[in-house]
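Below you'll find the structure, written out as structure tokens, and then a few comments.
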Amino acid sequence: MGFVHGLKCRECGREYAVEAIYVCEFCFGPLEVVYDYEGIRKVLTKEKILSRPHNLWRYKELLPIDGEPTSGLHSGFTPLIRADKLAKIIGLKELYIKDDTVTHPTLSFKDRVVAVALTKAREFGFDTVACASTGNLAHSVSAHGAAGGFKRFIFIPASLEHSKIIASLVYEPNLIAVDGNYDEVNRLCSEVANKYPWAFVNINIRPFYAEGSKTQGYEIAEQLGWKVPDAVVVPSASGSLLTKIWKSFKELKQLGLIGELNTKIFSAQATGCSPIVAAIKAGVDVIKPVKPDTIAKSLAIGNPADGFYATQVVRESGGFGEDVSDQEIIDAIKLLAKTEGIFAETAGGVTLASAIKLIKGGYIKEDSLTVLCITGNGLKTKEAIVGHTIEPYHIQPNLKSFEETLKKINER
Ligand SMILES: *Cc1c(COP(=O)(O)O)cnc(C)c1O
Ligand SMILES: [Zn+2]
């Protein structure tokens, strides 16, 4: 009943049947899901989408599952917030925040990809799910895997934020903290995935998993009244989300659900881990791996799997990229909080701080309708801003003490 034709190599175009595989046997290129868009066009109308519950499965014909969804039934359809106060400060006429800090059960956009990956893992008949994570994926697979009754092996760099480790442990998965960075964890997981019959959501299930990110793009278009923005700023780790937002807009255009597609896609990274943005700035498509050193741990992938494809999307769409320092990340987290009341994790600080630079540099114009993808909640990376916030006023439990303080506050 699904609309998936099969898998196709992004490099040589060779086609494969639907299986838990992710690279081409001939050229080692990554595999991508191919759909029957003619079939989808016949059944998927705006009316049908609008009649469905507010979760990411309202676009299920465009997701790579065969039966009904079995995970993530409460994930997605996060708010798109018009941010006029922030827009004024950073120099834009019309700005929106795609707010993935809320609504998702584990408070980051990773619930989108995990919904699809776990539904697919069940269709394939796996009883164990696993992942290599920079933090948010660990949290999401731990939670949704528990709800789905899967055995879970979660691999993380041991140096992750304490908040994210605790957030995963509460669901009691097998959490494997590796003495190494994400790229080392990922390499280890590729070996484990070859040996054990587990659904590694971002390794052997990756072609299906990655499609879940498209739902962020569909929602943006629907929430803007079936049109796409002029500019989207996307935080990039592996580069997958960025490529999938572009794919989602192209699909909507192909299906006749939106009109014009003139969106410029921008990549945002931390300077301490910016292999994709460095390639964009240098005008090359060879990604030079780096050793990450940044507070934006959720984006700390030094050797990004989809980096090359991300640079292609940025070029094809006419976008660009920017990278920002840890201090700029912290300042942007605070700016978003005090202007729009949204507390984002470090990746959100990267997005806003990069957008500010892209506007100053003239890459995003004042009259461009712009969307910032804010992908995770600030309570998950509290460590990053400890010592960088204002202090509380300390008083004694009596009115006199309060009023002395009130006087000082009013004299400020
Ligand atoms: C994983 C992640 C991203 C981006 O991931 P890609 O690998 O580029 O798809 C962005 N923001 C947050 C908070 C994340 O956890
Ligand atoms: Zn190939």
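Some notes on this structure:
- Extension gain from A146 to S325, taking 0.36 nm per residue of separation minus the Cα-Cα distance: 60.8 nm
- From most to least packed by mean Cβ count within 10 Å, the peptides 179-191, 345-357, 235-247, 389-401 give 345-357, 235-247, 179-191, 389-401.
- Taking Lys and Arg as +1 and Asp and Glu as -1, the other residues whose beta-carbon sits under 13 Å from that of G378 total -1.
- Only DSSP H runs of four or more residues enter the estimate; each adds -39500 (n - 2.57), and after division by the residues of the chain the mean residue ellipticity at 222 nm equals -11500 deg cm²/dmol.
- Here the chain is treated with +1 on each Lys and Arg Cβ and -1 on each Asp and Glu Cβ, and its dipole about the Cα centre works out to around 540 debye.
- Residues of region 127-145 with an amide N closer than 15 Å to a point placed 7 Å from the Cα of R187 along the Cα-to-Cβ direction: none.
- The charge dipole of region 219-346, taken about the Cα centre with unit charges on the Cβ atoms of Lys, Arg (+1) and Asp, Glu (-1), comes to about 240 debye, rounded to the nearest 20.
- Pairwise FRET efficiency - L224 versus Y16, Cβ, R0 = 35 Å, nearest 0.05: 0.50
- In a reduced charge model with +1 at each Lys and Arg Cβ and -1 at each Asp and Glu Cβ, region 281-412 shows a dipole moment near 180 debye about its Cα centre.
- Of the peptides 115-121, 376-382, 50-56, the ranking by mean beta-carbon count within 10 Å, highest at the top, reads 115-121, 376-382, 50-56.
- Between G135, G272, G256, the Gaussian network model of the chain with springs among Cα atoms under 10 angstrom shows the greatest mean-square fluctuation at G256.
- The residue among Y171, A17, L224 whose Cα reaches farthest toward the positive pole of the charge dipole of the chain, with charges on the beta-carbon of Lys, Arg, Asp and Glu, is L224.
- 14 Å beta-carbon shell around S248, net charge (K/R +1, D/E -1): +4
- Residue-by-residue Karplus 3J(HN,Hα) for region 137-153, coefficients 6.51, -1.76, 1.60, Hz, glycine and proline x: 5, 4, 4, 5, 5, 4, 6, 5, x, 4, 4, x, x, 8, 6, 9, 10
- All other residues whose Cβ lies under 9 angstrom from that of L50 are scored, Lys and Arg at +1 and Asp and Glu at -1, for a net of +2.
- Between region 249-313 and region 203-232, the alpha-carbon centres lie 15 Å apart.
- Nearest 10 degrees, 0 to 90: helix 307-317 Cα axis against the chain principal axis: 80
Each reported figure results from applying straightforward, stated rules to the coordinates on display, with no laboratory input. Quick caveat, the model's predicted, so the values are computed rather than measured. Please note: Cβ atoms are built from the backbone with ideal geometry, for glycine as well, and neighbour counts cover all protein chains shown.
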